[in-house]
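A short write-up of the structure that comes next.
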Amino acid sequence: MSPEWQTVWLTLKLAGITTLTLLLVGTPLAWWLARSQHWLRQPVFALVALPLVLPPTVLGFYLLLLLAPDGALGQLTQSLGLGTLPFTFEGLVVASIIYSLPFTVQPLHNAFITIQERLLEVAATLRASPRDRFLTVVLPLARPGFLTAAVLTFAHTIGEFGVVLMIGGNIPGETRVLSVAIYDHVEALEYTQAHWLAGGMLLFAFLVLVGLYSINGRVTGGVIR
Amino acid sequence: MTGTGIVARFRCDFDNFRLDVALTLPAQGVIALFGHSGCGKTTLLRCMAGLQPAEGHMEVNGHRWQDAHQSLPVHRRPLAYVFQEPSLFPHLSVRGNLNYGWRRVPRDQRRIGFDQAVAWLGLAGLLERMPAQLSGGERQRVAIARALLTSPQLLLMDEPLSALDRQSKQDILPYLENLHRTLAIPVIYVSHSTAEVARLADHVVMMDNGRVVAEGPLQETLARTDQPFALEEDAGVIVNATIRQHDAHWHLCRAEFQGGSLWVRDEPGLAVDRPVRLQVLARDISLALAPNHDQSIQNLIPARVTGIAADQVPGTSLVRLAAGGTPFLARLTSRAAHQLQLTEGKDVWMQIKTVAIVD
C-alpha cells in the first residue's frame, strides 16, 4: 500500500471504530440525559458538550498528561499490561471518542426527547418490557437521530487535527491520519499532493451531508438543522 | 387466588393533593369513575395500571397485582388501557399497531381474535393505513381495538372520547356500547360527562379531591341528594324502561318503567319491547300537589317525596322522589318547596318537561 492510501485507510479505520464505539456508549448516555431527573444531569450534559467549545489542543494536552506513563490513566493502563497509549493507534481511538462524544450524544439526545413518554406507557400496557419498548418504539422513532449521530461522528473524526497531533503525533501507518498528512504536505510545499487529499476530503464531506439530508429529509440532529 | 371483584386501595401524596381511596367493585360491566377535572380520577386509574407508582393494593378476580410487598410492573398486569389521546405508534401501520399487543400475548391466553376486534370496531378498510392518514375518531377506534387485542382481564379507559369532536363521539359511542354488551371484561371508565356516564355505566364511583364521595349502582347513586359536590345543571336520574306502545299520529312512544310510564319522542329503532335508558334531569321536573291537565307538559307521574336536601346553589333544594320503585330527583327553589309544604312521605305529581333517550 502506498503511504497515501495507508493514511486514508488508517483514517477510515479510526473513524469507523470511533463511530461504532460511540454509538454503543452514547446511546445509553443520551437516553439517561433525555429521561433522568437526576441532579447530575446538567453537569454531565455540560461535560459532554465541552469538546464543542474547547480548543482541540487543550483537550489533547490534558489527555496527553493523563495518558502519559506517570499520568493517572497511564499508570492504570500500564498496570493492566496495556502499556501507554500516547503515540499509538489505540490512544487515537480513546482521544477521538472523547473529542467526538457531543456529535453522537447531542443528536441522539434531541431525538430521544421528542419521543412522547405516552407512547412508552402505551407500549407498557401492551405488555412490552422496558428493553422491548426501547427496541420497538424508541429505536425506530429515533432512527433519523441515529443516522445524524453516526454520520456526524464519522465525518468529525475524519476531520480532527489538533487532538491527533497532540496525542498521536505523526507516525506513518500508526497515527498518521489524513488531516496531519495534508498539514505535512503544505509545510513541505507539496501543493499537488495537498490538493488531492484536501479536495478529496472536501468532496467527501459534501457528499456525506447531501446524503444525510436526502435520507433524513429533514435533519433533526442537534448540530445542524 | 379466590374471590371475585376488583379491590383497589391507594393512598398517596402528590404535590397538590392526596389520593386516598379504598374501593371494592364488581368485576363486570362498566364502572364509571366520575368527577370534575382535577378530582384524581385519572391518577387513580394510573395507579391501578401501575403507571403511577403509589403505595396500595390492587386485586382483580383474586389475582393480586400489587400489595405492600410487591408490585407487578405495568407490562406484567393483564390489563388494557385506552388513553385520552389515541397515541398510536406513528411508525407502524394500523395493522402494526393492532399486532403490537396481540403478538405479545401468549397464544393460549388470547380470547379475542384479530379479525373479531377489527370487525367490532369497523377497521377492515383501514388496516394498511398509517396513523397520520386517519381521522381522530378512526385513530381512537384503532387504539381501542389495539387495547382489546391483549385479551385483558380489566379494561381501563381514560376519557377516551374527550379529545374528539362531537361527530366522532357520536360515531364511537355505539361501538363502546356494543363492546359492553359483547365482552365479559370489566371496564373502568373515567369521565366527567354525565351524558357518557348515563349512557354507558352500570356502576358509578364519584370522586372529589382525591377521595370517593359516593359509589354504587348507577340509578341509586345518581338519585342521591347528598352528593357532596354539585352535578350542577346535570343532576338527574337514569330510568330503565321498556318501549310498550307507539303513537304514530303524534310521533310519540310510551316507555314503561317500574312505577309508571313516560311518553318520549319516537325515533327510528325504538321497537316495542326494546329496553331503553332514559335520562331525566332534576331541573326538568316540577312538582304539583294535584294533577294539572291544563298545561303543555305531557308526562304527569304520581310520586312520593322521600327526601329533601339543600342544593349547592343557594335558594334551591333537591327533592328526592319515588314513583313505584324508581327514584327521581327534582330541583325546586327553596321557597317553592316551602309553599308546597313538602315533607318526607308527601304524595305529589311530577311534571316532567323533557325525557332524553340515552341508550
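Nothing in this text is a laboratory measurement; each read-out follows from the coordinates by a stated rule. Keep in mind the model is a prediction, meaning the values are calculated, not measured. Here the Cβ positions follow ideal geometry from the backbone for every residue, glycine too, while neighbour counts run over all protein chains shown.
Numbers at a glance
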item	result
Top of A:A30, A:A188, A:A95 by mean-square fluctuation, Gaussian network on chain A, Cα under 10 Å	A:A188
Over chain A, volume per residue of the alpha carbon convex hull, in Å³	151
Exposure proxy order (Cβ contacts within 10 Å, fewest to most) of B:D171, A:D70	A:D70, B:D171
Scattering profile of the stretch B:17-138 at q = 0.17, 0.21, 0.23 Å⁻¹ [log10 I(q)/I(0), Debye over alpha-carbon scatterers]	-1.10, -1.32, -1.39
Sites A:Y183 and A:D70, calculated FRET efficiency, Cβ-Cβ separation with R0 25 Å, nearest 0.05	0.30
Rounded FRET efficiency, nearest 0.05, which uses the C-beta distance separating B:Q116 from A:F45 and R0 of 30 Å	0.05
Cα-based shape type of the stretch B:119-256, given that a ≥ b ≥ c are square roots of the gyration tensor eigenvalues and the cut on a/c is 1.5	oblate
B:L156 long-range amide H proximity, modeled H, under 5 Å	B:A80, B:Y81, B:V82, B:I188
B:E215 long-range amide H proximity, modeled H, under 5 Å	B:M206
Student exercise, the protein assembly as shown dipole from Lys, Arg, Asp, Glu Cβ charges, in Debye to nearest 20	880
Estimated distance in nm for a label pair at B:S193 and A:L24, the labels positioned 7 Å out from Cα along Cα-to-Cβ	5.3
Vicinal HN-Hα couplings computed from phi for the stretch B:240-252 (Karplus, 6.51 cos²θ - 1.76 cosθ + 1.60; Hz; Gly/Pro x)	7, 9, 10, 5, 10, 7, 10, 10, 4, 4, 9, 6, 10
Inter-label distance for B:T182 and B:E344, nm, one decimal - labels placed 7 Å from Cα along Cα-to-Cβ	4.7
Cα gyration tensor category, rounded, prolate or oblate, for the protein assembly as shown with a/c compared to 1.5	prolate
Choice from A:T11, A:T148, A:T21 with maximal GNM fluctuation in chain A (Cα, 10 Å cutoff)	A:T21
Förster-model FRET efficiency, 45 Å R0, B:D247 and B:F14, C-beta, rounded to 0.05	0.25
Where only C-alpha atoms are counted, convex hull volume of chain B per residue in Å³	162
Selected from B:W263, B:I352, B:P327, residue furthest toward positive end of dipole (the stretch B:234-357; charges at beta carbon)	B:P327
Stokes-Einstein translational diffusion, the stretch B:240-351 - Kirkwood Rh over all Cα pairs, 0.692 mPa s, 37 °C, in µm²/s	220
Gyration tensor (alpha-carbon) shape descriptor, the stretch A:1-60, a/c threshold 1.5	oblate
Zone residues, the stretch A:100-143, relative to B:Q109, backbone N less than 14 Å from point 7 Å out along Cα-to-Cβ	A:124-129
Inter-label distance, nm, simple model (7 Å from Cα along the C-beta direction), B:S37/A:R131	4.1
Separation of alpha-carbon centers, the stretch A:76-133 and the stretch B:60-135, rounded to whole Å	32
Among A:S36, B:I285, A:L141 - extreme Cα towards positive end, dipole of the protein assembly as shown, charges at beta-carbon	B:I285
Along principal axes, Cα extents of the stretch A:112-193, largest first, whole Å	66, 22, 17
